[in-house]
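Take a look at the following structure, please.
We did not get these values from a lab; they are worked out from the coordinates using the rules stated. Because the structure is predicted, anything quoted here is derived from the model rather than measured. Note that each Cβ is placed from the backbone with ideal geometry, even for glycine, and that neighbours are counted across all protein chains shown.
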Amino acid sequence: MALAALLAVLLAGCGAGQTPPADPTRQETGASSTPQTASRLLEPAAFAAAVAEPTRTTINVHVPFEGAIEGTDIDVPFDRIATDAARLPTNRTTSLAIYCKSGRMSAIAATELARLGYRDVVELRGGMDAWRQQGFALLTTPSTPAG
C-alpha cells in the first residue's frame, strides 16, 4: 500500500512545473551569428539588418495579407511552404528571413523549412506587431502574389 502511494505521488509530480525542453530548431538571439540550428529569433532591429543582407531571401509567410516589410522578396503562406517549394530558393544553403504578423505562423514555416533542408533561417520575434511597436514601417501591398 505504501509503495502504491509513493508511486502515485511520483507519477502525479512527473512533469509538473517543468518547462518543456526548448525547440532545438529555434535559437533565440538578438543578433545574427553563424547558424547552428534551423532558425533563430531576431529582435526587429537585428531582423532589419538581416533583411538588408544582399544574399538573404526575405519571405512574408502571413495569411491573409496584413502588411509587408520593405525588402521582402516573396510571399508564401506558412501552410503552403512544402506545396509551393518551387517558389523558394533551390539552393538549401540560401539564407532566409521569414516573418508573419505575430510570430506563430513563421514558427510553423521555420519548422517546415528545416524539414525541407534550409539551415540558415531567421525569424522576426513578435512578427509585424513587434516590428511596428519598434517604429518600423510596413508596406500595404504584397511584394508578390501569394500563390
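What distance in nm separates the two pseudo spin-label positions at residue 104 and residue 73, each 7 Å out from Cα along the beta-carbon direction?
Modelled inter-label distance: 2.8 nm.
So what J values fall out for region 77-91 if you push phi through Karplus, 6.51 cos²θ - 1.76 cosθ + 1.60 with θ = phi - 60°, rounded to Hz, Gly and Pro as x?
Working through the residues one at a time gives x, 3, 8, 10, 4, 5, 4, 9, 4, 5, 7, 8, x, 6, 7 Hz.
If I stretch the segment between residue 136 and residue 116 completely, what's the gain in nm (0.36 nm per residue apart, minus their alpha carbon distance), one decimal?
The span from residue 136 to residue 116 would gain 4.1 nm if fully extended.
Check residue 96: other-chain or 5+ apart residues with amide H under 5 Å from its amide H, H built from backbone geometry?
Sorted by chain and number, the residues that satisfy this are 57, 120, 121, 122.
If neighbour count is taken as other Cβ atoms inside 10 Å, put 106, 39 in order from fewest to most.
By the 10 Å Cβ count, ascending, the order reads 39, 106.
With only alpha-carbon pairs counted, each pair once and no self-pairs, how large is the Kirkwood hydrodynamic radius of region 34-135 in angstroms?
The answer is 13.1 Å.
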